[in-house]
Each structure stands twice: as structure tokens, then as C-alpha cells.
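Peer 1: Just passing along the structure, written as C-alpha cells.
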Amino acid sequence: MSGIHGKPQAKIKKHRARPLRDERRESGLAADKWVRIMCDFSADGVWARTGGAAMPEDLPVSAGLHKRIRAWQDWYECHAYPDPEFSSAPPGFGIDAFSSEGLAIAKAVKAELPDWTVVYHDEAKAEPQYREPYVDLPRSCYEYEV
């Protein structure tokens, strides 16, 4: 695909904000010792009890686990509902494998933070809500503590 003046157009690269390192941001998750592991578009896979988005680096876990959460979120961004104009993702999301990895990540977070409440949002179990006819499932069907 050609860009301006016939030069090749660069691929669109997603840039994320750097984690804020002030006391207000760091105390949010740590003060509650509560986290939800859940992907959503333009998010980072980590959520506070209040429902606000957080960043993997806000969790006091290993750098390897931060990277794993980001890779899982990227999987969602690129493959869940790909837009052919912006994604080279092959068709088919593989929701079972995606959900298994998410649960494994939630368990890894719990292993590194055993005194925290870790809640996992299981996309595979929530998926019937996104099909026609719409099925309104109680949150407890697809979101649970690990």
C-alpha cells in the first residue's frame, strides 16, 4: 500500500501510555488488594474494583507476568474481532485457547499475590451474550474469583 508521494505506508503501531508512577495511581490496586483480569478494546487487561482500567505495571508482580498480560491483551486486540483494514489477523479467534490463557494468567497473578482477590472474566463463558438472540447472563456465570 502506498502512502504520500508513492512511499510505502508504515503499519499502524499501537502506542500505550506509560504507567503513572505517583502515589495515587500505585495505591489504587495495592490499597484494595483486588484485581480483575479481563480484556477489552483499548485496555490493558487489568481492572480495579471500581471498574476503572489499570495497567499491568500497576500490579506488584514479575516483569514476565506484566509482559504475559500485555501479550494476552494484544491477542484480544488483534484477533477477537479483526478489522481487515487494520489487522492482518487470520479469521477465527480461538476463544477456548484465549480463555485458557487468561485463566492461567489470573492463576499466575494469584500465585504471585496470594493475599489478593483475583477475579477472572472468562470470555468463553460470556460469549453467548454477544450472539443473536441476546442472552442476558448473570455476571457470576462468566466472572469468578481464582
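Peer 1: Just rank Leu137, Leu113, Leu29, fewest to most, by other beta-carbon atoms within 10 angstrom.
Peer 2: The most exposed by this proxy come first: Leu137, Leu113, Leu29.
Peer 1: How large is ³J(HN,Hα) for each residue in the stretch 44-51, as worked out from phi by the Karplus curve 6.51 cos²θ - 1.76 cosθ + 1.60 (θ = phi - 60°), to whole Hz, x for Gly and Pro?
Peer 2: Computed from phi, the couplings for the stretch 44-51 are 10, x, 10, 9, 7, 4, 6, x Hz.
Peer 1: Now for a separate question. Ranked by Cβ crowding within 10 angstrom, fewest neighbours first, how are Thr117, Thr50 ordered?
Peer 2: Exposure proxy ranking, most exposed first: Thr50, Thr117.
Values in this text are rule-based calculations from the coordinates and carry no lab data. Because the structure is predicted, anything quoted here is derived from the model rather than measured. Positions of Cβ are generated from backbone atoms using ideal geometry, with glycine treated the same way; all protein chains shown enter the neighbour counts.
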